Amino acid sequence: MRTYKDLAIAEEEQKLVDAVNKTNNLLVEAPTGSGKSLYIPWFLSNHFSGRIVVLQPRRIAALALAQYSAKLHNEPCGKTVGYQFRQDSCKSSATRILFQTYGNFLQELLHGKMNAEWVIFDEYHERKADMDLLFAYLLKLQAASRASGNESIKAPRIAVMSAKLNREEMEQALGVKCLS
């Protein structure tokens with residue numbers, strides 16, 4: 001039986017621990033097939049108590065990743081790991097890792113719903129308008145939270161992952177160094 005520790009990116013766990021302890025956000029560039037789409041959400045769910053939302057550009061990716069991640073948890077989909085996108089959902093109140101499409105997450109925000117301690121932007125190299133809109137909104141929410149010092153403004157932490165990134169632009173936007 002495979003586990004999260006079998007994924008190639010698991011070798012870099014200490015870098016991830018150091019990064020999330022030092023900064024508010026996370027930026028990861030790793031090759032296709034390294035396991036970042038599975039490992040990073042699992043890693044964050046082990047270090048933080050809130051929900052980890054993993055945004056995917058396509059429904060098929062969200063579904064496949066949620067199902068495989070649930071299998072790695074040795075649970076049915078909808079318990080610890082779930083998914084949600086237009087007209088299909090497999091989640092519960094106990095779901096800690098939720099795979100969603102960018103469009104579905106944007107619709108939730110438009111209706112005033114956001115239940116996330118971390119929002120992971122996966123496959124960010126596929127830049128689309130909804131990705132950029134969500135990214136800008138969450139950065140603005142983080143800035144408002146810092147500026148006000150008010151705990152009632154709840155801004156999730158942001159992780160951006162891709163096989164290829166415009167590092168300098170993303171490092172400046174997130175205020176972090178890129179892990180590779």
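The values are calculated or read from the model by the stated rules, or taken from the named source; none is laboratory data. Just so you know, these numbers come straight off a predicted model, no measurement behind them. Every residue, glycine as well, gets a Cβ built from its backbone with ideal geometry; the counts of neighbours run over all protein chains shown. To get the accessible areas, we keep the full protein, side chains included, count just its heavy atoms, and leave off ligands, DNA and RNA. Shrake-Rupley method; radii C 1.70, N 1.55, O 1.52, S 1.80 Å.
Listing for the model above:
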{"quantity": "J(HN,Hα) series, region 47-63, from Karplus relation 6.51 cos²θ - 1.76 cosθ + 1.60, nearest Hz, glycine and proline x", "calculated": "10, 9, 8, x, 6, 10, 9, 10, 8, 10, x, 10, 4, 4, 5, 4, 5"}
{"quantity": "Semi-axes of the equivalent ellipsoid for region 10-135, Cα gyration tensor, largest first, Å", "calculated": "21, 18, 15"}
{"quantity": "Relative contact order (percent, whole number), the chain, Cα cutoff 8 Å, 6+ residue spacing", "calculated": "29"}
{"quantity": "Integer Hz, Karplus 6.51/-1.76/1.60 couplings in order for region 106-120, x for Gly and Pro", "calculated": "4, 4, 4, 4, 4, 9, x, 10, 7, 10, 7, 8, 10, 10, 9"}
{"quantity": "For region 72-80, Karplus couplings with θ = phi - 60° (6.51, -1.76, 1.60), whole Hz, Gly/Pro x", "calculated": "5, 7, 6, 9, x, 4, x, 8, 5"}
{"quantity": "Listed residue pairs exceeding 24 Å between alpha carbons, taken from Lys91/Lys113; Lys22/Lys154; Lys22/Lys91; Lys5/Lys140; Lys15/Lys154", "calculated": "Lys22/Lys91; Lys5/Lys140; Lys15/Lys154"}
{"quantity": "Low-density loop positions, trypsin sites (Lys or Arg not before Pro), region 93-180 - DSSP coil, at most 14 other Cβ in 10 Å", "calculated": "Lys113, Arg127, Lys128, Lys154, Lys164, Lys177"}
{"quantity": "Viscosity 1.306 mPa s, 10 °C: Kirkwood-radius Stokes-Einstein D of region 133-180 over Cα pairs, µm²/s", "calculated": "134"}
{"quantity": "Amide H contacts of Gln56 (H built 1.01 Å from N, under 5 Å, at least 5 apart or other chain)", "calculated": "Gln100, Thr101, Tyr102"}
{"quantity": "Distance between modelled label sites at Val17 and Ser93, nm, 7 Å Cα→Cβ extension", "calculated": "3.4"}
{"quantity": "Rounded to 5, the percent of DSSP beta bridges in region 25-150 classed as antiparallel", "calculated": "20"}
{"quantity": "Rounded percent of accessible protein surface that carbon and sulfur make up, the chain, 1.4 Å probe", "calculated": "50"}
{"quantity": "Residues of region 4-100: accessible area per residue with a 1.4 Å probe, Å²", "calculated": "46"}
{"quantity": "Asn46-Lys164 FRET efficiency (beta carbon distance; Förster radius 35 Å; 0.05 resolution)", "calculated": "0.80"}
